[in-house]
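Here is the structure we will look at, set down as structure tokens.
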Amino acid sequence: MKDEAAPLFRALDRELWVITSSADGQRGGLISTSVSQASINDQIPRLTVGLAVHHHTESLVHKSKSFVAHLIAPNQGDWVRHFGTQSGRDVDKFSKLDFTTSVTNAPILKDAHAWLECRVENMMESGDRHWYLAEVVDAKWSQEFQPLTFQAFLPQADDDLMPLLKKQLREDSLTDSQLVEEWRRSRHS
């Protein structure tokens, strides 16, 4: 039964997002495909985002209870390398970027065509991820904008980037499976 899930998930094509946050004088950003609308009512816009617990940006979201979710445009594939292949624990990902700070003090990328500024309302643990339910407190949307999806990004990845992404995916997958198994054991003991 589990063997059927992998090809089904691979057939899905999720949008690429940059999630940014700031806390205690630090700022961070990462790439996510785990962002979803959580309300159909336009008067109470909400979303969910799943962030791996071992990432620097997740710790900032956890502390600040806020973040900005930026959709990536097709011509911004370089953001995937920038935010997805280095850790904010090692480098300031914003030192050479044009950004402003939001009401919640999270960085907003000035070149972003679309973003949602959010305040966390609730959090759920799942072992490898913290899933945040968040209220959208501000937003920007360019009508002519079409978001970059994971499948559309892959042809953009050059010969240097693709092996790095595959290596990180393997490492994250191993870390995630260990964390999920530990979490499951702790819940059943």
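Read the figures in this text as sums done on the coordinates, not as results from a lab. The shown structure was predicted, so the numbers you read here are calculated from the model rather than taken from an experiment. Positions of Cβ are backbone-derived with ideal geometry, glycine not excepted, and every protein chain shown enters the neighbour counts.
Listed cross-link partners 110/140; 65/96; 110/167; 65/140 are compared with a 22 Å cut-off, the Cα-Cα value being larger for 65/96; 110/167. Computed extension gain for residue 85 through residue 65, at 0.36 nm per residue and net of the alpha carbon distance, reaches 4.8 nm. Only sites in a loop by DSSP and with at most 12 other Cβ atoms within 10 Å count here; which trypsin sites (Lys or Arg not before Pro) in the stretch 81-119 make the cut? Those that pass, being in a loop and sparsely packed, are 89, 96, 110. Working from label points 7 Å from Cα in the Cα-to-Cβ sense, the residue 152 to residue 101 distance is 3.3 nm. Rounded, prolate or oblate: which one fits the stretch 54-152, using the alpha carbon gyration tensor with axes a ≥ b ≥ c (rounded when a/c is under 1.5, else prolate when a/b beats b/c, else oblate)? It is rounded, given that a/c, with a ≥ b ≥ c, falls under 1.5. For the stretch 96-189, the gyration tensor built on C-alpha atoms gives an oblate shape. Its axis ratio a/c (a ≥ b ≥ c) is at least 1.5, and a/b is not larger than b/c.
Hey, got the dipole for the chain? About the Cα centre, +1 on K and R Cβ, -1 on D and E Cβ, debye to the nearest 20? Please list the in-between numbers first.
Values: 21 positive and 27 negative charges, 73 e Å.
That gives the chain a dipole magnitude of about 360 debye.
Within the listed set 92, 138, 158, the Gaussian network model of the chain (springs between alpha-carbon atoms below 10 Å) gives the highest mean-square fluctuation for 158.
Which whole-number percentage describes the relative contact order of the chain, with Cα contacts under 8 Å and a sequence gap of 6 or more? Don't skip to the end; give the middle numbers.
On the way: 330 pairs, mean separation 45.2, N = 189.
It rounds to 24 percent for the chain.
Which entry in [x] 44, 40, 36; [y] 38, 38, 30; [z] 54, 40, 33 matches Cα extents along the principal axes in Å derived from the coordinates of this structure? Step by step, Cα extents along the principal axes in Å for this structure corresponds to label [x]. The gain in end-to-end length when the residue 186 to residue 121 segment is fully stretched comes to 20.9 nm, 0.36 nm per residue minus the alpha carbon separation.
Reported to the nearest whole Å, the Cα centre-to-centre distance from the stretch 140-176 to the stretch 1-77 is 13.
Among 43, 156, 178, the largest mean-square fluctuation in a Gaussian network model of the chain (Cα springs under 10 Å) belongs to 43. About its Cα centre, the dipole of the stretch 96-189 is roughly 220 debye, where the only charges are +1 on Lys and Arg Cβ and -1 on Asp and Glu Cβ. This ranking places 137, 120, 91 by how few other beta-carbon atoms lie within 10 Å of each, fewest first, which gives 91, 137, 120.
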